[in-house]
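Undergrad: Sharing a structure here in structure tokens format.
The values are calculated or read from the model by the stated rules, or taken from the named source; none is laboratory data. It should be emphasised that the depicted structure is a prediction, and the values quoted were computed from it without experimental measurement. Because the Cβ atoms are built from the backbone with ideal geometry, glycine has one as well, and the counts that use them run over all protein chains shown. Calculation scope for accessible area: heavy atoms of the full protein, side chains included, ligands and nucleic acids excluded. Shrake-Rupley method; radii C 1.70, N 1.55, O 1.52, S 1.80 Å.
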Amino acid sequence: GEQYFSSQWLNITEDLQTVSKKEQVYFRTDHHWTLRGAYEAYRGYTEHSGGSVSSYESFLPEAVNEKFLGTIYSKLLPKSVKEDTIYVAKRLPDNITVSCDGEKIEDIYQWDKLDTKDKYAVFFGGNYGIVEIENPDAKNQETLFVFKDSFANSMIPFLIGDYQKIVMIDLRYYTQSVGQLIEQYDKKSMLVLYEMSNFAKDDYQSKLLR
């Protein structure tokens with residue numbers, strides 16, 4: 001297949017370990033990053049790509065639920081474990097449009113999910129084949145393609161201000177040609193953001209060339 005992008009590996013393990021000495025970067029009861037952990041992924045990626053990093057506080061992180069019990073709790077943890085708190089970044093660009101599998105949604109945060117068991121789905125409402133976010137006010141006219149699993153859902157809000165368009169592709173659910181989609185855009189970058197065991201166990205590399 002055609003080579004669309006040159007690739008570089010970004011390792012943020014040491015940054016996460018450093019921050020974790022003072023703040024929680026993973027949920028206790030779930031395998032995902034907390035918002036603070038997701039911010040470290042944003043910071044590492046933005047620095048690596050030569051962008052300007054905004055402070056964590058500038059996004060106005062706000063606790064929206066203090067009773068989160070995630071996937072690890074469901075499978076492994078005792079019932080006495082302390083519940084997690086979910087934070088979201090409240091300060092985002094004003095003039096954005098978001099669609100999930102072609103259907104427009106009013107807000108990247110789906111607040112009704114906080115009343116369900118899967119409270120992490122407050123980010124976009126869960127996972128879709130394709131999520132498209134447009135920010136016409138962005139200084140950068142580039143499109144960012146993000147090939148992802150659910151780890152990206154809490155990190156991408158930090159990047160919305162930096163790109164005119166972000167296209168998130170979840171290869172577990174996206175059935176169209178990735179190559180044909182990419183070819184529609186002239187100025188583009190790509191971020192592959194997965195929890196590594198997810199990426200290793202599925203044949204995603206061949207799907208990227210399809």
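Undergrad: Looking only at the stretch 110-126, which residues are free of Cβ contacts under 8 Å to residues at least 60 places away in the same chain, touching a Gly at 6+ places or on another chain (Cβ under 9 Å) and buried (at least 18 other Cβ atoms within 10 Å of the Cβ)?
TA: If the condition is that a residue be free of Cβ contacts under 8 Å to residues at least 60 places away in the same chain, touching a Gly at 6+ places or on another chain (Cβ under 9 Å) and buried (at least 18 other Cβ atoms within 10 Å of the Cβ), then LYS113, LYS119 are the ones that fit.
Undergrad: For TYR73, state whether it is assigned to a loop (DSSP other than H, G, I, E, B), out of contact with any helix residue (DSSP H, G or I) (no Cβ under 9 Å at 6 or more places or on another chain) and open to solvent by 20 Å² or more (accessible area, probe 1.4 Å).
TA: No.
Undergrad: Can you confirm whether the stretch 28-37 contains a residue that is in contact with a helix residue (DSSP H, G or I) (Cβ under 9 Å, 6 or more places away or on another chain), farther than 19 Å from TYR194 by Cα, touching a residue at least 24 places away in the same chain (Cβ under 8 Å) and open to solvent by 40 Å² or more (accessible area, probe 1.4 Å)?
TA: yes
Undergrad: Ok, one more. Could you please tell me which pairs satisfy a Cβ distance under 6 Å, a separation of 6+ or placement on different chains, a first residue in the stretch 43-61 that is assigned to a helix (DSSP H, G or I), and a second residue that is among the β-branched types (Val, Ile, Thr) and open to solvent by less than 30 Å² (accessible area, probe 1.4 Å)?
TA: Listed pairs, sorted by first residue: GLY44/ILE12.
Undergrad: Return the residues of the stretch 160-175 that are open to solvent by 10 Å² or more (accessible area, probe 1.4 Å) and touching a Lys or Arg at 6+ places or on another chain (Cβ under 6 Å); say none if nothing qualifies.
TA: none
Undergrad: Quick check on my filter: what residues within the stretch 176-210 are at pLDDT 90 or above, open to solvent by 70 Å² or more (accessible area, probe 1.4 Å) and not in a loop (DSSP other than H, G, I, E, B)?
TA: Correct list: GLN180 only.
Results for (1) under 25 Å from THR29 (Cα atoms); (2) in a strand (DSSP E or B); (3) out of contact with any strand residue (DSSP E or B) (no Cβ under 6 Å at 6 or more places or on another chain), shown as yes or no for each residue.
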{"residue": "SER99", "(1), (2), (3)": "no, yes, no"}
{"residue": "ASP107", "(1), (2), (3)": "no, no, yes"}
{"residue": "LEU114", "(1), (2), (3)": "yes, no, no"}
{"residue": "TYR128", "(1), (2), (3)": "yes, no, no"}
{"residue": "ILE133", "(1), (2), (3)": "no, yes, no"}
{"residue": "VAL146", "(1), (2), (3)": "no, yes, no"}
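Undergrad: How many residues, within the stretch 127-142, are open to solvent by less than 10 Å² (accessible area, probe 1.4 Å), within 16 Å of the chain's Cα centre (by Cα) and within 22 Å of ASN95 (Cβ to Cβ)?
TA: Total meeting the criteria: 2.
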